[in-house]
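The values are calculated or read from the model by the stated rules, or taken from the named source; none is laboratory data. What you are looking at is a predicted structure, and each value in this text was computed from that prediction instead of being measured. Only protein heavy atoms, including side chains, enter the accessible area calculation; ligands, DNA and RNA are left aside. Shrake-Rupley method; radii C 1.70, N 1.55, O 1.52, S 1.80 Å.
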Amino acid sequence: MLRQPGVAVLAATLIAFSILHVGFSDPQIPLKVLGATLLGGIAFILMATANLLAARPRWLEGAFGGLDRMYEVHKYAGTTAGVLALLHFPLSPDAVPEGVDAIHEALVPSAPLGMYAMIFLFLLLALTLNRKIAYHRWRIPHKAMGLVFALVFLHVLMAPVFFYDRYGPSGMILFAAGIIGLLSYLYTLLLMPTVTSRKYVVEAVNKLERSAEIVLAPSAGAMPFRAGQFAFVKFHHAGLSEPHPFTITSAPADAMLRFTVKSLGDWTRRIRKDLTPGTKVDVRGPYGRFDTSRGGDRQIWIAGGIGVAPFLSAVRSLASGDTREIWFFYAVREVADALYLEELRDRLAQMPRMRLILVESRAGDSCTMDLIRAEVDQPLAGYSLYQCGPASLTSDLSKGFRAAGVPGRRIHVEAFEFR
Ligand SMILES: Cc1cc2nc3c(=O)[nH]c(=O)nc-3n(C[C@H](O)[C@H](O)[C@H](O)COP(=O)(O)OP(=O)(O)OC[C@H]3O[C@@H](n4cnc5c(N)ncnc54)[C@H](O)[C@@H]3O)c2cc1C
């Protein structure tokens, strides 16, 4: 994560803010108060960053390494902001010092605003970090984080001038962060659902083993995308209107857009049971940077279960003259779970240097470094690795490939989870 330019820019901003804040501070300010405003300022910039990333700006995907990484930074930024706000609180003075215009300062409600913001921040952070709360229940209070940000912005704007120079260089950084954070929140809440979505209609719902293939026809312009990308899908159907992310499994050149949805929870089960052709759909995207076309001549692909999804689009887009060497390990519990197995076998059989290896755990096999080494029978250091599947599988293999000499920049993992 630290290698990403987006994270480096964030770190540089925090360092610049800290230097300017301390360097341009009034020498009269007690050290404790300087510490309080420094921690509070860093927390505020981190909150603004979390808001910006939640707006899913596609132009930032490159700088952070994909939307899943952006959500990771969003989570760390939000949590760190909470910790710093907690430290900022006891350092903050409870009265204005002697000699300061007490009447003027008393009229400014910065302290109570900060106090309320912190109480709400902690309540919402406790909800956010509690993984036992179902996603659809978690989403609504999580959205209220933006209101907490607005309260904190007011707290920053109204902080007594004696403690913090809002017109100084560090004050300007905070002001810019406040505007960016606030606009990002308003965009996420009001504009994002409509501005970034394309209209589709359900053409077919094909029932597969514990999953369903959804085929969508564009109502107007189709969404351009690259193989391996995903989109948020929202159905205009009672109980299915919450947007969920799914990988596009059709090839970019196909007329129809396809998704394969594994029945994992209530919503995905209802898709298989209740969704009918003719339903209107909003598709928001595309997102993601799991692009095997940039992976060079020698690649190893590993799919665990429904993790086959991003590879389907890549296989369906293969051109006949493609001479890349690709080893595709498809790990499933048993052969009945291996969605699209025949199609994958047929398509890959036509490619001179691509091989599909089915790994069935029920048959006692598992996708380990030993198995991969035995099949590939070449030093692994020369390959690029693309993986999508359960974290238990992908994290072990990432470590194994790193140990085998594959640099981190050639190890690509698609996580099917944001939270
Ligand atoms: C980038 C990405 C691509 C994905 N591609 C596919 C795919 O091609 N096929 C497939 O079957 N699954 C895919 N998933 C996973 C899929 O989005 C979840 O399985 C599905 O949303 C679960 O919904 P549920 O309510 O039925 O299950 P639940 O049991 O309620 O949720 C299971 C988990 O899914 C996540 N989740 C639930 N709702 C949402 C939501 N609205 N937005 C984001 N995450 C949510 C949460 O982490 C939750 O813990 C992908 C996920 C991501 C992040």
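Quick rundown of the values:
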| item | result |
| --- | --- |
| Surface share of carbon and sulfur [accessible, 1.4 angstrom probe, percent] for the chain | 62 percent |
| Surface/4 of the Cα convex hull for the stretch 142-251, nm² | 10.6 nm² |
| Total lysine pairs under 27 Å (Cα atoms) in the chain, excluding pairs fewer than 8 apart on one chain | 27 |
| Rounded D (µm²/s) - the stretch 344-419, Kirkwood Rh over Cα pairs, Stokes-Einstein at 20 °C, 1.002 mPa s | 155 µm²/s |
| C-alpha long axis of helix 391-403 to longest principal axis of the chain, angle in ° | 90 degrees |
| Rg over Rh [alpha-carbon atoms, Kirkwood Rh] for the stretch 294-414 | 0.93 |
| Amide H contacts under 5 Å for Ser211, placed H, 5+ residues apart | Ser263 |
| Volume per residue that the Cα convex hull of the stretch 352-396 spans, once the total is divided by residue count, Å³ | 108 Å³ |
| 222 nm mean residue ellipticity, helices alone, for the chain (DSSP H n ≥ 4; -39,500 (n - 2.57); rounded to 500) | -14000 deg cm²/dmol |
| Alpha carbon convex hull of the chain, volume per residue in cubic angstrom | 157 Å³ |
| Accessible area expressed per residue, the chain, with surrounding protein chains retained (probe 1.4 Å, Å²) | 48 Å² |
| Karplus (6.51, -1.76, 1.60) ³J(HN,Hα), θ = phi - 60°, over the stretch 48-65, in Hz, Gly and Pro reported as x | 4, 5, 4, 5, 4, 5, 5, 6, 6, x, 5, 5, 9, 4, x, 6, 10, x |
| Mean shadow area of the stretch 196-287, taken as a quarter of the surface of its Cα convex hull (nm²) | 5.2 nm² |
| Value of D in µm² per second that Stokes-Einstein yields for the stretch 286-335, Kirkwood Rh from Cα pairs, at 20 °C (1.002 mPa s) | 179 µm²/s |
| Residues whose placed amide H lies under 5 Å from that of Thr279, excluding near-sequence neighbours | Val202 |
| Kirkwood Rh and Cα Rg combined as Rg over Rh, evaluated for the stretch 5-194 | 0.98 |
| Residues whose placed amide H lies under 5 Å from that of Met354, excluding near-sequence neighbours | Ile326 |
